[in-house]
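Participant: This is the structure, below, for whatever I ask next.
Read the figures in this text as sums done on the coordinates, not as results from a lab. These numbers were taken from a predicted model, which means no experiment stands behind them. With ideal geometry, Cβ positions are generated from the backbone for all residues, glycine too; neighbour counts draw on all protein chains shown.
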Amino acid sequence: MPGAHMVSPEAHDWSRPPGVSSNVNIDGNSRNSNPVVPSRSRQTSNALSVDTQTGSEGLRSDLSVSHELDFVDDGFEIEEDNTIEEEEEEEEMNSLGDIDFVRRRAIKAGKERAIGWDAKDGEESVGSKRMSRIREDANLDSSFLPPSFERSEFETIVRRLKTQTQPGSLKRKKVGGALNTEDVGLDDDWEFAGWGSVAYIPLSPSAVLQAEQKVLSRLDTNNLLGQFKATSVAGNAVFGSVFYSLPALCQTGKVLSPLSMMIACLILLLWRGIMVELGGAMRINGGNYAYLLSVSGKTMGLVGAAVTLLDVVATGTVSAGTAAAYINGEAKNLPFKEYLIGILILIVFTALLLAGVKDSTKLTLSICLFHLFTMALLMVVSTVAWIREGNTTLLSNWNLSVKSWDGGNGAVRAVFNGICIGFLGVTGVECLPTFIEQIKPGVYSKALRNLLYGALLLNVPLLIMLHALVPLPSLLSASNVLALLASISTSGGGGRWLSIFVVVDAVAVLCGGVLCGGVACCALVEELSKDNVLPESWGRRWERTQANWVGAIMYFGLCLAFYATAGFSLTTLSNIFSISFEFMMLLFALSHLLLRITLPNLPIPAPFCRSRFSVTLLVHALIFTILIGNALLNPLPLGLFAAYAVGIFSVLWTAEIGFGSILRAIVWAVDQSEGTMIPRGSGWMSIGFGRKLKENKDGDVPMETKTSKLGDREPEEMEEGGKGTGGKEKGLRVALRKSLIKGVRRSKRKVMVAWIKEDEISALIQVVLYVLANEQTSHLILIHAYNSVRDIPSELQANSKLLDEAFPALTIDLKFVQGSFNPIIVQAVSDTLEIPHSRHIIGCPSPSQGDLGSFGGVRVATFRK
C-alpha cells in the first residue's frame, strides 16, 4: 500500500457533482459507471478461497473482490497509509483491556471492516493477531466472538461478482454468440432487451427554473375554473337531461315518477363523499380510467376507459336524438324521418370538432344560465296554469295509474322501476372528475353539491307539473313532454310562445351536450394514445385546426352505430344511457374501495375529506340492486350495453396488452410450421423453405443470428436461391418472421420511469413486476433523487444490476438526480428525458411533497408484496 497522499485541487475533476465518482456516466452511454457511496473506512483487496463440495467432487473457486471506497471530503479523495492504521490499532489495544478490545473491534467489524487479512503481504493485521492471541489465552467460546469478515460478507462477495463462471448464466455466451435462452426464461434470444447502465442526470439551473414555472402555472388558481364555471361545464349535461329522462321516467313510474326521481337523487347524494375523497387523493384527469389505473392496474383501467367512452358516446347520441325529437315535434310534416335529423346533427357537430371548435367555459355558462332561466319560467307558468285548472287532470292520471298497477305490489314495483330509470336525471355528474385538474381544489366539492341538488330541485317539480296538467295518454305517447307542458300551460290565451322558447332551449342545450360529448371523446382518445393504449398517431392534432381528427371521426362512427343498433328509438337509447351511467357510478364506488385497500396512506389535502367506509359498502349494495332491476325491467338495453362495452374493451386490450402477445404467438406458429406441407396453387410446397437446420446434441435446432450493438438478436438474412422454389420460400419465411419481430419490438418501444427511494431488493422487484404486468415495454429507468451522496442507499446499484440480469427481456437503467423529490424535480427530469408524466410511476407522496395533482399526471404505483 503506498503512502498517504492528497489530490490537489488542480487535479480534481470539477466537471462532476461533489462526491460522485468520475466513473459515473454523465451522458448515459457507459455501462460500467458506478456512483460511489463514500465511506470513512478504507478496505484492502481480499483474496478468498472457497471450497464447495458437490457430491464427491470438490470445486475450488478463487473469488477476488476489489473494494474501492474512498474517503471523500469536499471533493478531495484521500487514501490512508496502512502503517498509520496499525499505529492506531496499537494505541487502542494499549488503552483497552482484552475483552473490551474484542467488543470494540466486533462493533467496528460491520462498519470499518478492520479485522481481516492484509492483501499486500499475506500476513495477519495487528488486530487479527491480537484477537487470535486473546482467543487462545482466554480459551473463549467461539460463539462469543462475531463471525469473521470473510464469512459474514461471503454472500455479498458472490453476489457482486462481475465474472460469471456457473453454467446457465445470461452473461455466459454459447459458442457462436447465441444466448442460453432456456436457462434465463426467454422464449428466443431476440427477446433479450440489452444491458442497462448507470448514469447521472445533470439538471442545469435554467432547466430547474423552467420546471418550477410550469409547476407554479399548473397550481395557479387564477387559471383554474371557479365554482359556477365548473358547474356549468357538467351542468349542461345534468340539467339538460330533463329533456330525455322525463319521458322514460313517466312511462315507467307514471304518476309516482316524482317520488322515484326524488329517491334516485337522494341516493346519488351518497356518491358525493366518495367522489370528493377520490378527487382529493388523486386529483388527476381521466375519471375512472385514471382512478382504476392507479389503484388496480392497466386491465381495470381499460375497463374504466371502455365504460367512459361508451358513456360519452351515449351522451352525444341521446342528446342528438332528443334534439331531433323536439325539432320534429315543433316542425310537423317534415319530408324525412326523425332519426335523419339526429344523424344530421351528429354530422354537423363532428364537422365543428374537425374545424377546431373548443368547449369554452364562457359559452357553457351562458347556455346553462339560459336553460335554468327557461326551466324556471316554465315552472312559474305551469304553476299558474295548475292553480287555474285545478286537480282534475292529476286525479285522472292517478286513477289510470292505479288501474295499470294491479294492486299495491304494482305500485311498489313502479316506484322501484322509476328509481332505476331515474338515474337518467343526474347523468352528466360523472363528467366532472374528467377535468378535475382544471378545477380549483376547494371548488370540486361545491360543484358536485350544485349539480346533485340542482338536479333534485329541477326534475321533481317538473314531473309534478307534468302529471298535474298533461293527460296520461298524451304524456306516454309524446317524446317532447316539456314542449307539450309549455303548450298546455299557455293554452289559455298566451299562444305558443313558451313552447317555441322551450324547443329553442332544448336544441341549444342538447346540441351543447353533443359537442361536449365529442370534446370528451377526443380528450379520452388523446389520453389513451399518450399512454400507448391506442396508437400514438391517433392522438396527434390536425395542423390546420389543432383538432384531434381521429377522435372526432371515432366519435361520429360510434354514435352512428349506437343510434342504429338501438333501432333509432329514443326510449331504448335512454335506457342504455341509464345503464352506462349506473356502471360509471359503480366504477367510482369500486375505485374508492380499492383506494382504501391498496393505497390507504395516500394523503388527502385539507379541502377534501374522507368518507365513511360503511357508505362505500351501502353504495355497492344499492348500485348492484339498481342494475339488477334494470336487467329485469328490460334486458335488451343491458344486452346492447354489454355488447358495446365488451367490444370496446376488447379493442383497447388488444391494442395495449394483447397486440404484442398476438404477434409473438404468430412468430411461434411460424417457427413451429417448419417442415409442414400446405397447398399452394395446384401443387404443394414445404413451409420448411429449404434445407433443415442441423440439430445439436441436445436435440435443439439453433437459430442463425447476428448481434446488434444494443444486444438485440435479429434473424440472419437467408440466402436466396437454392434448388426449385426452396430458397425463395425460405426467404419469404424469414422476411415474415423479421417483420413480426419488428412489430413486437415496436409495441414495446415506450420507456417507463419509476422513482425509487430505498434499495430493498423486495421493493425493487415489486416495481419491476408491476411494470411488466401493466405495461408493454422493454426499457425501465429507475431514478433516485438525493440531496447528498452520503444519502444514496449503499446497495442500490448492486441490486439494480441484479434486476437487470434477472429480467433479460427488460433493460433496467439506474439514474441519479441531485435534489429533493418534489413536483419540480419530476417536471425537470421529465423535460430532460423527454418522457411524459403519464409514464412516470411514483409511490405514495408525503404531504410535504405536495398532493398528487401537483405532479402533473404521474401514476401512483400499487405494489403487492
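Participant: Arranged from highest to lowest average of other beta-carbon atoms within 10 Å per residue, in what order do the peptides 386-399, 758-771 appear?
Facilitator: Descending packing order for the listed peptides: 758-771, 386-399.
Participant: So what is the diffusion coefficient of region 242-630 in µm² per second by Stokes-Einstein at 10 °C and 1.306 mPa s, using a Kirkwood Rh over Cα pairs?
Facilitator: Stokes-Einstein gives a translational diffusion coefficient of 73 µm²/s.
Participant: Can you tell me which of 786-792, 249-255, 821-827 comes out highest on packing, and rank the rest after it, using the mean Cβ neighbours within 10 Å?
Facilitator: 249-255, 821-827, 786-792
Participant: So, counting K/R as plus one and D/E as minus one, what does the shell of residues with Cβ under 11 Å around Y453 add up to?
Facilitator: Neighbourhood net charge equals +3.
Participant: So what's region 252-314 giving for Cα Rg divided by 2.2 N^0.38 Å, two decimals?
Facilitator: Here the answer is 1.46, to two decimals.
Participant: Could you please report the charge total around L395, scoring K, R as +1 and D, E as -1 over all other residues with beta-carbon less than 14 angstrom from its beta-carbon?
Facilitator: With Lys, Arg at +1 and Asp, Glu at -1, the neighbours total +1.
Participant: Give the span of region 472-512's Cα atoms along each principal axis, as three whole-Å numbers ordered largest to smallest.
Facilitator: Sorted from largest, the Cα extents of region 472-512 read 32, 25, 8 Å.
Participant: I've got another one for you. Under the definition of Cα pairs under 8 Å and six or more residues apart, what whole-number percent is the relative contact order of region 342-472?
Facilitator: RCO, region 342-472: 45 percent.
Participant: Now, a different point. Note down the net charge around N328, summing +1 for each Lys or Arg and -1 for each Asp or Glu among other residues with Cβ under 13 Å from its Cβ. Can you show the working numbers first?
Facilitator: Working: positive: K332, K337; negative: E330, E338.
That works out to 0.
Participant: What ³J(HN,Hα) values, in whole Hz, does the Karplus curve 6.51 cos²θ - 1.76 cosθ + 1.60 give for region 519-530 when θ = phi - 60°, with x put for Gly and Pro?
Facilitator: So the Karplus estimates, Gly and Pro as x, are 5, 5, 5, 4, 5, 5, 5, 5, 5, 5, 6, 5 Hz.
Participant: In what sequence, highest mean first, do 374-382, 427-435 appear when ranked by Cβ atoms within 10 angstrom?
Facilitator: 427-435, 374-382
Participant: Can you give the charge dipole size of region 242-630 about its Cα centre, rounded to the nearest 20 debye, using +1 on the beta carbon of Lys and Arg and -1 on the beta carbon of Asp and Glu?
Facilitator: With only Lys, Arg, Asp and Glu charged at Cβ, the dipole is about 460 debye.
Participant: Normalise the Cα radius of gyration of region 371-467 by 2.2 N^0.38 Å (N = residues in it) and let me know the number.
Facilitator: After normalising by residue count via 2.2 N^0.38 Å, the value is 1.44.
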